[in-house]
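Below is one structure, written out as structure tokens; comments come after it.
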Amino acid sequence: MNQNIKKIEVSLVASPVRSGFQDATRKVETVGLCIVEVTTDQGLTGIGVTYHEVGGEAIKSLIDGYYAPKLVGRSPFETEVIWEELFHYARGVGRKGLAFCALSAVDIALWDLKGKILGMPLYRLMGGTKRNIPIYASGGWTSYSDEELVEEAVEMVARGYRAIKLKVGVNGGRDIQADVRRCRKVREAIGSDIEFMVDANNAFHAADAVRLANRLREYEISMFEEPVFADDIPGLAKFAASTDIPLGTGEHEYTKYGVRDLLLGHAVDYLQTDITRCGGFTEMLKIAALSQAWNIALAPHAMEYIHMHIAGAMSNTVFLERLFLFEDITGRVFKGAPLPVNGILEIPDKPGLGLELDKEFIMEQNKN
Ligand SMILES: [Mg+2]
């Protein structure tokens, strides 16, 4: 129990996205992970992770140069105190964005360490139980042809997923007819039993998002994600009030303060905050409490192998997302990362996060 932090190491890994995937507002060029390893004076190592499309080097240098020196000699059990200290240390330059990705990765590593020291999986440490977590498959880029989109949707169902999410916002959100046509084709191909959600990645102005949502109603869309710019809380509220398709948002939100504003603004039905961005487990526990106070569903964004622990602990977690785009890099970085079977993820019983790094792959990626 009386272990103190001795060493912090940060590694970057990246996999280029060659097929030129695009959503409504962005071309995806790289998927990068920033891995933090915090080792104690007794040789136990906690793993933390965050991800980025741009700016991995900035995350690494912030941790190496500024956060790590604050951690050496401290107890990894001081997660609350350390979070508060690092938050105020960087508050003038980073209450969102890359600085928060850095804080999230550090916090996750400390939680992993707490679990490992206690010999306890994180879901159990947070008061949860070993639930089976429903996972939905996520992909369906706007750069796909109609045929490619339908093909991927059918593949998701063939792999056993009972819920899928695809992109809308073709041509930057300027071709609503195409979005309606593509959703019709997908619904026809997957049948009526599969849950079908869409993600517009901030593409629309609220009025156009409502127009699209109302045209998609007949295809039984069970969640419409980020219809408008993530910071447009009035636009999100207008969307929520104007359609009966539930609204997902929060993957671009940081801290309990950001979530408070979404909730006060009536701007979310499915809260999608991401532990690897929003401030780690320390902040996510508070965010989860807020979501419960508002009786809102928690549906964290991507990184299902991290989020499974909060899903085991928080009963308002409805499902987790498995991004097909992340499958390759996740499989390389973590040895035997848990895989969903028929759309269900079983939380492993190992201590902490229950993850093991492929050190060889990480060293290979960080050679120079
Ligand atoms: Mg999304």
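For the subset of region 289-309 comprising residues that are part of a helix (DSSP H, G or I) and within 19 Å of Glu225 (Cβ to Cβ), which member is farthest from the ligand (Cβ to nearest atom)?
Of region 289-309, the ones part of a helix (DSSP H, G or I) are 289-293, 304-309.
Narrowing the set further to residues that are within 19 Å of Glu225 (Cβ to Cβ) leaves 291, 304, 307.
On the way: Ser291: 17, Glu304: 14, His307: 14 Å.
My answer is Ser291.
Would you point out the residue of region 211-230, among those that are outside any loop (DSSP other than H, G, I, E, B) and of a type in the set (D, E, K, R), that is nearest to the chain's Cα centre (by Cα)?
Glu225
Listed residues Phe324, Phe319, Phe229; which is within 15 Å of the ligand (Cβ to nearest atom), in contact (Cβ under 8 Å) with a residue 40 or more places away in the chain and surrounded by fewer than 21 Cβ atoms within 10 Å (Cβ to Cβ)?
Going through Phe324, Phe319, Phe229 in turn, just one is within 15 Å of the ligand (Cβ to nearest atom), in contact (Cβ under 8 Å) with a residue 40 or more places away in the chain and surrounded by fewer than 21 Cβ atoms within 10 Å (Cβ to Cβ): Phe324.
Can you name the residue in region 1-58 that is crowded, with 16+ Cβ neighbours inside 10 Å, assigned to a strand (DSSP E or B) and among the polar types (S, T, N, Q) and is also nearest to the ligand (Cβ to nearest atom) among such residues?
Among them, the one singled out is Gln22.
Within 16 Å of the ligand (Cβ to nearest atom), under 21 Å from Phe239 (Cα atoms) and among the charged types (D, E, K, R) - does that describe any residue in region 168-179?
For region 168-179, residues within 16 Å of the ligand (Cβ to nearest atom), under 21 Å from Phe239 (Cα atoms) and among the charged types (D, E, K, R): present.
Does region 192-211 hold any residues that are of a type outside the set (Gly, Ala, Ser), within 16 Å of the ligand (Cβ to nearest atom) and under 14 Å from Ile176 (Cβ atoms), and which are they?
Passing the criteria: Val198, Phe204.
What are the residues in region 181-210 that are at negative phi and in a loop (DSSP other than H, G, I, E, B), if any?
Ser192, Asp193, Ile194, Ala200, Ala203, His205 - these are the residues of region 181-210 that are at negative phi and in a loop (DSSP other than H, G, I, E, B).
Taking the options Leu71, Leu98, name whichever one is under 23 Å from the mean Cα position of the chain (by Cα) and either in contact (Cβ under 8 Å) with a residue 12 or more places away in the chain or over 25 Å from Pro300 (Cα atoms) (or both).
One residue alone meets the criteria, Leu98.
Looking at Ile221, Ile275, Ile245, can you tell me which residue is over 19 Å from Ala163 (Cα atoms) and touching a residue at least 12 places away in the same chain (Cβ under 8 Å)? Even if it seems obvious, please write down each step before you answer.
Details: Ile221 fails: over 19 Å from Ala163 (Cα atoms); Ile245 fails: over 19 Å from Ala163 (Cα atoms).
Only one candidate passes the filter, namely Ile275.
Quick note: the coordinates plus some simple rules give every number you see, no bench work behind them. Because the structure is predicted, anything quoted here is derived from the model rather than measured. Virtual Cβ from ideal backbone geometry, glycine too; neighbours counted across all protein chains shown.
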